[in-house]
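Encoded as structure tokens, the structure appears first; notes follow it.
The values are calculated or read from the model by the stated rules, or taken from the named source; none is laboratory data. What you see is a predicted model; the values in this text were computed from it and never measured. Using ideal geometry, Cβ is built from the backbone for each residue, glycine included, and neighbour counts are taken over all protein chains shown. Surface accessibility is based on the protein's heavy atoms, side chains included, excluding ligands, DNA and RNA. Shrake-Rupley method; radii C 1.70, N 1.55, O 1.52, S 1.80 Å.
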Amino acid sequence: MGNRVLAVFLGLAVVATVASLTAGCQKRQSLAEITVTDDAGQRETISLPQEGRNQAGALAWTQNCMRCHNLRNPNERSDREWDVIVHHMRVRANLTGEEHRLIVRFLQSAN
Amino acid sequence: MTNIYYSRAVTLAVLAAIAFAPLAVAQQESSGDEPLTRREFSKFLEEYRQFQADYGKLRQENEQLRAEVAELKDGVDSGSREDWKADFEAFAAQERESILDEVREELRDITDPLLPGKTNFVLGGAGVVTFQDRQNVDSTFGVGIAPTLLWKPTDRLLLEVEIAFGLTGDDTFVELDYAQVSYLLNDYMTITGGKFLTPFNTFWERWHPSWINKSATIPLMYERGLVGPTGLGVQVRGGFPIGETKLNYAAYYVNGPDFENTSFGTAGNLGFENFRDNNNDKSFGGRVGFLPIPELELGYSFLTGRVGDSGSRFSGVDTFIHGIDLSYAREFEAIKGRLDLRAEAIWVDTDRAIFTGPFDPFTFDNKRSGWFVQTAYRPTLSDFRLGDSIELKNTEFVLRYEQLRESGPGTRGADHSRLTFGINYWIRPNIVWKAGYSHDNVSGDKDENGFFMQFAFGL
């Protein structure tokens, strides 16, 4: 079974990489804006910054957080809470210190 | 000072004008028909002398002021300019410090609540209510709630505790899911101690919370305990970029699993609730994850150690477990939605042992393995709506295929495969309704095909 499973994984990795690199040439809507839901259940579209450190923070936020779960509305938590939560996620998801700081800064600016 | 000088000069001119005015008036009057009396002349003379004295005095003051101005001017022109500058700078610095103190005070009111400290904590967690109706098993509801407390006393220190409350069989259970202390050593390394989620593959550590797990069931290989959810010990972990790619790692040293040898049904299995280790040899494990592109992560994990009870005839039994994992998530314009792909595999190789059976001793090649591939699609870019409240973009379709191969006496050696299809509806990013169907195929044993529904939320 081992060789078959390895072949499946390798195939999936190759397909995923090719798909991403191909789609990477297109405009990525997910980086221009994100739709989230607030506490009242209302959907809200957040325009992500397209330049500066907050642009890097938004990118780190979407790329790292969305790999495991839906993106949460920055308005859900206060500045202080995001500071603690992203610290927790830094440990859990092996974020670098720079990614940690960028994401905190972005969430605190967007809430 | 120049202003004072001019002011004095004007004053002198005015006084002089006033002083000579009576004489002019007297001359005018004397040129008139009325002769000036002696008394009037004496009065005018007295006033004239008074004015003359005042004039002399003012003139003297004026000269004195001129001298002072000249002296000051000389002082400014010469070395005293530095003293003036120093005095001015000292005064300006004092004023600036005073203003900064006020600003600092105002900023402190704003920033103090943001600093780590005794009040810097967050309450989070997850909850789940499940209903399942499987073939050959009575249908049942289940519930579990797990509050999580995060506390950040300093910028580098984080304490995390999660306690699970739930029901199992006829009993209520309260369990410490994890309790760990983490310290950030630098940007690329964190040290952690306590009871932590095992960084073996990624399911237990990242995806097991019900609001993150896209299916209402957990993969077979984890349900059957090929690798446990937690370890008790220490670990170092972190991540760092390598050009455009990224590498992350975790290495841990824990109590490790223990070896089941008392029951015919579970003989040879590993138990992962080994809070008081059953031997002096700790287990060592690790995981390396590589992200060639941000959306894709590939990982390799291992865990090895002695599992037999010390002092028993199983004391020399070791195990080696290793696994691979893959995760990929990305939104594609072409398919109007997000694709999420997750796959994991585990191989367990434990030393052969001889067990005491109900009739005769027995042994077997103690190897177990399992794998799953799960894909989920959510049309996040679709605008289709059904009525006012149901949106297609909140619906997610999940498909998982998995296999498990175990060795052991009786039916435990059977191959087990399962295909699960599910539909999720996301009420909010952290609240989901799940419904699904599992089709089982167990060679030589009863299948457990079944429906399930689940409501899950995460805080």
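Of the peptides B:238-244, B:91-97, the order by per-residue mean of other Cβ atoms within 10 Å, starting with the highest, comes out as B:238-244, B:91-97. Annotation: the range B:174-229 has a Kirkwood hydrodynamic radius of 13.0 angstrom, from the mean reciprocal C-alpha pair distance. Dividing the mean sequence gap of close Cα pairs (under 8 Å, 6+ apart) by how many residues chain B holds gives a relative contact order of 10 percent. The residues packed around residue A:20, meaning those with a beta-carbon under 9 Å from its beta-carbon, carry a net charge of 0 if Lys and Arg are +1 and Asp and Glu are -1. Inter-chain Cβ neighbour count for B:130-142, averaged per residue, equals 0 (cutoff 10 Å, partner chain atoms only). Taking every residue in A:70-78 and counting other chain Cβ atoms within 10 Å of its Cβ, the average works out to 3. Given a 1.4 Å probe, show me the residues in the range B:421-458 buried by at least 50 Å² of accessible surface when comparing the whole protein assembly to the chain alone. Checking the loss per residue gives B:428, B:429. Which residues, if any, in the range B:216-262 have at least 50 Å² less accessible area in the whole protein complex than in the isolated chain, probe 1.4 Å? Residues passing the criterion (a loss of at least 50 Å², heavy atoms only) are B:237, B:246.
For residue B:336, a cut-off of 19 angstrom between C-alpha atoms picks up these lysines, skipping any fewer than 8 places away in its own chain: A:27, B:393. The sum of -39500 (n - 2.57) across all DSSP H runs of n ≥ 4, divided by the residue count of the protein assembly as shown, sets its helix-only mean residue ellipticity at 222 nm to -10500 deg cm²/dmol.
Relative contact order for the range B:334-459: 18 percent, from Cα pairs under 8 Å spaced at least 6 residues apart, divided by residue count.
Rg and Dmax of the range B:311-437, both derived from C-alpha coordinates alone, stand at 21.8, 68 Å.
Taken per residue, the accessible surface of the protein assembly as shown reaches 52 Å², heavy atoms only and a 1.4 Å probe. Accessible surface of the range B:313-459, 1.4 Å probe: 62 percent of it comes from carbon and sulfur atoms. Bridging of residue B:85 to aspartates and glutamates at a Cα separation below 19 Å is possible for B:71, B:74, B:77, B:95, B:97, once same-chain residues fewer than 8 apart are set aside.
Taking a straight Cα-Cα cut-off under 12 Å and skipping sequence neighbours fewer than 8 places away in the same chain, the aspartates and glutamates within cross-link reach of residue B:152 are A:81, A:83, B:160. Dividing the radius of gyration of the alpha carbons in the range A:46-111 by their Kirkwood radius gives 0.91 for Rg/Rh.
Computed on the protein assembly as shown, the Cα convex hull volume stands at 301 Å³ per residue. Length available on full extension from residue B:417 to residue B:288: 0.36 nm per residue minus the Cα-Cα distance, which gives 43.6 nm.
Net charge of the neighbourhood of residue B:164, taken over other residues with C-beta under 10 Å away and scored Lys/Arg +1, Asp/Glu -1, is -3. Remark: mean inter-chain Cβ contacts per residue of B:188-195 equal 2, using a 10 Å Cβ-Cβ cutoff to other protein chain atoms. Looking at the calculated P(r) for chain B, what percent of the C-alpha pair distances fall above 39 Å? Distances greater than 39 Å cover 48 percent of the Cα pairs.
What net charge is computed for the residues neighbouring residue B:379, neighbours being all others with C-beta under 11 Å from the C-beta of residue B:379, Lys and Arg scored +1, Asp and Glu -1? Taking every Cβ under 11 Å from that of residue B:379, the sum is 0.
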